[in-house]
Amino acid sequence: MTASQLAAEQGRFITDVAAGLNSFLAGQETVMAGISPDVAPLMDSISKLVTGGKRLRALMAYWGWRGAGGDAAHPDIVNAGCALELFQAAALIHDDIIDRSDTRRGGPSVHRRFSQLHQAEGWALDEERFGHAAAILTGDLCLSFSEEAFAGIGPRAASGTAARRIFNLMRAEVMAGQYLDILEEVAGPVRDRAGAVERATSIIRFKSAKYSTEHPLGLGGALAGADDALLAGYSAFALPLGEAFQLRDDVLGVFGDPGTTGKPAGDDLREGKRTVLVGFAINQSEPAVSAYLDATLGRQDLDENEVGKIRQIMVDCGALAATEAMIDELSGRAFEALERLPVADLPMSALRGLAEAAVSRAA
């Protein structure tokens, strides 16, 4: 096995997933066109969102499949990759509405695109309300497509199979995690501050970590017939990796370069996200500083000076260092578990590469 062989196989899979998404959505566009040409913007929004991206979830599923003995380029794992990418797109659409985020990957988010369409066409009533409503429906449609793509795998994904159980659990956990996230934004300021980091950790586990790494890896393994021991090993590796991945995302949400991340600096602060980083900052600051953070988080009018002040608080009180230490600890656990996996050299090398990229990325 060489690096070039790994890159070639991974590249073929990414190409196959892209082609699979294009083919699937082309068929859906025909169906939607038969309803009305006016629904074309929904399909266009979905197509734009599933084009590009890191394909992390699809790749985790692929190497879980290959690690369990699945054949390269098999159509079942390509369909699973398409289903995961569609589910990810649906989650992003809804997440941007919840977070009031106007940008996604350097361009307008889906609800903002619909608001701009409303404005450009000179339609009646409120453009923001239309944008949110249309985006919710687009996300729901994308969820439906994800289910259809996964069901299209056939017997390996049928009711009662391990793969179906993982897919169903993944979707339910993300919705529960999203609710815990918005609940903490409003309830966090009046809850016990000593539990802020623990609550934030639970949120990232169910909202992000499990569906970003653990469930896709297990899903691929289950589709290839992995036994319980291998699936448990996959979880021991992928869950701490997913938590470290999300913690890195939270750090980038405050300290990242907008030119690299594609989102305005400090957006997470304006959205009022109660992340692990924020939890550490509130717990480790003086009472007056903690009160300032509680009063400031979630303000849409935060300017660059105030964002800079909060950044400095996070550095001075040790919140950033504590979060980085947590990333290091979780990453260490993930890599130790990876070395214990009974998989061949190729999937082992691929999973190591994905893990390294996940925890050290700048975007």
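The values are calculated or read from the model by the stated rules, or taken from the named source; none is laboratory data. Because the structure is a prediction, the values reported are computed rather than measured. In this analysis, Cβ positions are derived from the backbone assuming ideal geometry, glycine residues included, and neighbour counts consider all displayed protein chains. Keep in mind that these areas ignore ligands, DNA and RNA; they rest on the heavy atoms of the full protein, side chains included. Shrake-Rupley method; radii C 1.70, N 1.55, O 1.52, S 1.80 Å.
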Report, by chain and number, residues whose modeled amide H sits under 5 Å from the one on Arg104, excluding near sequence neighbours (fewer than 5 apart, same chain). Ser109
Computed over the Cα atoms of the chain, the Rg and Dmax in Å are 20.9, 62
To one decimal place, what Kirkwood hydrodynamic radius in Å is obtained for the stretch 172-312 from all pairs of distinct Cα atoms? 16.2 Å
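Where does the stretch 107-163 land on the Kirkwood hydrodynamic radius, alpha-carbon pairs, in angstrom? Walk me through the numbers on the way to the answer.
Values: mean 1/r = 0.0749 Å⁻¹.
Computed over the stretch 107-163, the radius equals 13.4 Å.
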A correct Karplus calculation of ³J(HN,Hα) over the stretch 62-70, with 6.51 cos²θ - 1.76 cosθ + 1.60, θ = phi - 60°, whole Hz and x for Gly and Pro, returns 4, 6, x, 5, 5, x, 8, x, x
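In Å², and per residue, what accessible area does the stretch 245-312 have when probed at 1.4 Å with the other protein chains present?
Numbers: 2690 Å² over 68 residues.
Solvent-accessible surface per residue comes out at 40 Å².
At 37 °C and 0.692 mPa s, what whole-number value in µm²/s does Stokes-Einstein give for the translational diffusion of the stretch 140-242, with Rh from the Kirkwood sum over Cα pairs?
Working: Rh = 14.9 Å.
D = 220 µm²/s.
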Over the Cα atoms of the stretch 127-194, what Rg and Dmax result, in angstrom? 17.1, 49
Considering only C-alpha atoms, what is the centroid distance from the stretch 41-100 to the stretch 106-176, in Å? 12 Å
Given H placed 1.01 Å from N in the peptide plane, which residues other than close sequence neighbours of Ala73 have an amide H under 5 Å from its amide H? none
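In cubic angstrom, how much convex hull volume per residue do the alpha carbon atoms of the stretch 252-363 span? Can you show the working numbers first?
Numbers: hull volume 11.4 nm³, N = 112.
Looking at the stretch 252-363, the number lands at 102 Å³ per residue.
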Rg/Rh of the stretch 55-188 (Cα atoms, Kirkwood Rh), to two decimals, equals 1.06
Along the stretch 354-361, Karplus-curve 3J(HN,Hα) (6.51, -1.76, 1.60; θ = phi - 60°) to the nearest Hz, with x for Gly and Pro, reads 5, 5, 4, 5, 5, 9, 10, 6
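Of the heavy-atom accessible surface of the stretch 182-326 (probe 1.4 angstrom), what whole percent is carbon and sulfur?
55 percent
Ignoring any ligand, DNA or RNA, what whole percent of the accessible area of the stretch 23-151 comes from carbon and sulfur when the probe is 1.4 angstrom? Please list the in-between numbers first.
Numbers: 3000 of 5520 Å².
C and S atoms contribute 54 percent here.
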Where in the stretch 1-61 are there trypsin sites (Lys or Arg not before Pro) that are in a DSSP coil and have at most 16 other Cβ atoms within 10 angstrom of their Cβ? Lys54
